[in-house]
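The block underneath contains the structure these notes are about, expressed in structure tokens.
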Amino acid sequence: MDCTRFAAELMAQEEFPGFALHPRDAWLVCDGACWLVAERTGETIVGRVDEDSSRVLTRQRRWPSPRPGPGHGFASPLPDGGLAVSGRDAITVYDADGWVRWTYSHDAWPGEGNIGSGACVADASGRLLLATVSGPAEPGSYPGDLCIALDLAGGRRVTQTVLPSASSGYTFQRSLTDPSQVFLDAAGGDTFHSLVITVEDDALRAQPVGLEDEPFAGLSRDGAFLKLDVGGEWLSRYASGQADVSVDAEDVLPEGLRFVGYRPGFLDTDRVLAAVGKEQDSQDNRHLVLDGRTLQPVAEVDYPGTNCFDPLALGDGTWLTVEGDTVRRWRTA
């Protein structure tokens with residue numbers, strides 16, 4: 001691999017206590033913005049990434065945390081300033097002032113040692129909350145977990161569909177520019193489903209996209225999206241009306257390296273930022289800039305005086321890194 005090296009320019013940094021990259025809701029795209037979610041001492045802390053690249057977060061909010069434990073549950077900011085939290089056996093929606101608006105109880109996800117865990121996100125209209133819940137525990141075969149749509153005003157179930165996954169850990173993501181794009185990842189042991197969720201005329205549909213065992217990764221402002229092989233052996237790009245693009249790590253990366261981290265993403269419509277390394281959780285990851293259409297490496301990033309595990313591309317030419325409780329915002333120098 002022969003590509004240019006450049007130094008990243010630090011734009012801003014901010015302390016965000018309790019933040020870690022591993023929880024499924026740590027990094028969210030919803031309501032036309034990027035969000036960071038942390039959990040600390042019984043609180044869920046939500047920070048909205050500032051549109052001004054000279055700052056990291058525009059604000060932080062704190063909420064009670066009805067989660068079943070660290071790394072479980074899912075918190076999602078709402079368009080009206082509230083927060084929805086998916087727990088082990090209930091979904092709780094808070095108003096902007098912190099009061100509980102409603103709680104929706106459902107069959108509990110399996111206990112400790114099982115990866116089953118729900119997620120939630122508001123739909124494009126802002127009237128419905130999409131959520132994944134465990135299906136009914138009845139004798140006989142288990143058809144699958146459920147994706148349900150709840151009325152955001154009062155918590156009434158409007159519609160539902162059975163998912164192809166069972167007892168899985170879920171993550172919702174939305175597009176920054178197209179509110180109708182709702183993506184759902186389902187991690188279930190050896191199988192990973194990636195689904196596009198649509199609601200039309202009170203009918204909820206979950207349709208697979210791309211290959212299995214490719215979680216959704218970055219979403220571009222022009223509608224393209226990335227999917228990453230769970231083992232880091234390949235990275236794929238999908239866009240409506242365009243040919244799918246896939247590159248194998250062994251063909252485009254130095255020998256012994258693969259795509260690592262969990263969130264390769266679009267720096268802008270022309271560039272992708274991805275972590276590569278020998279091991280998934282290594283602190284020695286290298287960050288590469290890839291061509292946004294061919295996914296071929298074109299540059300490598302050097303950081304002055306710091307390192308980080310998994311970069312978070314924001315789509316505006318900047319990206320975030322995390323080191324301890326410190327979140328830093330960078331751009332290409």
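A few remarks follow.
- Entry remark, region 291-317: residues being over 18 Å from residue 21 (Cα atoms) and either of a type in the set (S, T, N, Q) or under 20 Å from the mean Cα position of the chain (by Cα) (or both) number 6 in total.
- Filtered residues of region 297-318 (kept if in a loop (DSSP other than H, G, I, E, B) and either at positive phi or in contact with a Cys (Cβ under 9 Å, 6 or more places away or on another chain) (or both)): 305, 314, 315, 317
One line per residue, one yes/no per condition, for (1) of a type in the set (A, V, I, L, M, F, W, C); (2) buried (at least 17 other Cβ atoms within 10 Å of the Cβ):
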| residue | (1), (2) |
| --- | --- |
| 194 | no, yes |
| 211 | yes, no |
| 214 | no, yes |
| 235 | yes, yes |
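- Of the residues screened, residue 286 is one that is of a type in the set (D, E, K, R), out of contact with any Phe, Trp or Tyr (no Cβ under 9 Å at 6 or more places or on another chain) and in the same structural domain as residue 4 (by TED's automatic domain parsing).
- Residue match in region 157-168 (condition: part of a loop (DSSP other than H, G, I, E, B), among the hydrophobic types (A, V, I, L, M, F, W, C) and farther than 27 Å from residue 218 by Cβ): yes
- If the condition is being in contact (Cβ under 8 Å) with a residue 12 or more places away in the chain and outside any loop (DSSP other than H, G, I, E, B), then region 98-119 contributes 101, 102, 103, 104, 105, 117.
- Residue in region 288-302 that is out of contact with any strand residue (DSSP E or B) (no Cβ under 8 Å at 6 or more places or on another chain), among the acidic types (Asp, Glu), surrounded by 14 or more Cβ atoms within 10 Å (Cβ to Cβ) and without any contact (Cβ under 8 Å) to a residue 60 or more places away in the chain present: no
- Among the residues of region 222-252, those identified as in contact (Cβ under 8 Å) with a residue 60 or more places away in the chain and closer than 26 Å to residue 329 by Cα are 224, 235.
- Residue in region 33-41 that is more than 24 Å from residue 172 (Cβ to Cβ) and surrounded by fewer than 21 Cβ atoms within 10 Å (Cβ to Cβ) present: yes
- The test for being under 18 Å from the mean Cα position of the chain (by Cα), closer than 20 Å to residue 182 by Cα and among the β-branched types (Val, Ile, Thr) does not hold for residue 46.
- Looking across region 205-238, the residues that are in contact with a Ser or Thr (Cβ under 9 Å, 6 or more places away or on another chain), part of a loop (DSSP other than H, G, I, E, B), over 18 Å from residue 289 (Cα atoms) and small (Gly, Ala, Ser) come down to 210, 223.
- Residues of region 51-61 classified as surrounded by 14 or more Cβ atoms within 10 Å (Cβ to Cβ) and either at positive phi or part of a strand (DSSP E or B) (or both), total: 3
- Note on region 159-190: residues that are surrounded by fewer than 19 Cβ atoms within 10 Å (Cβ to Cβ) and under 20 Å from residue 83 (Cβ atoms) amount to 1.
- Some residue of region 120-137 being touching a residue at least 24 places away in the same chain (Cβ under 8 Å), over 25 Å from residue 216 (Cα atoms) and of a type in the set (A, V, I, L, M): yes
The values are calculated or read from the model by the stated rules, or taken from the named source; none is laboratory data. Please read all numbers here as calculations on a predicted model, not as lab measurements. No Cβ is skipped: glycine too gets one built from the backbone with ideal geometry, and neighbour counts run over all protein chains shown.
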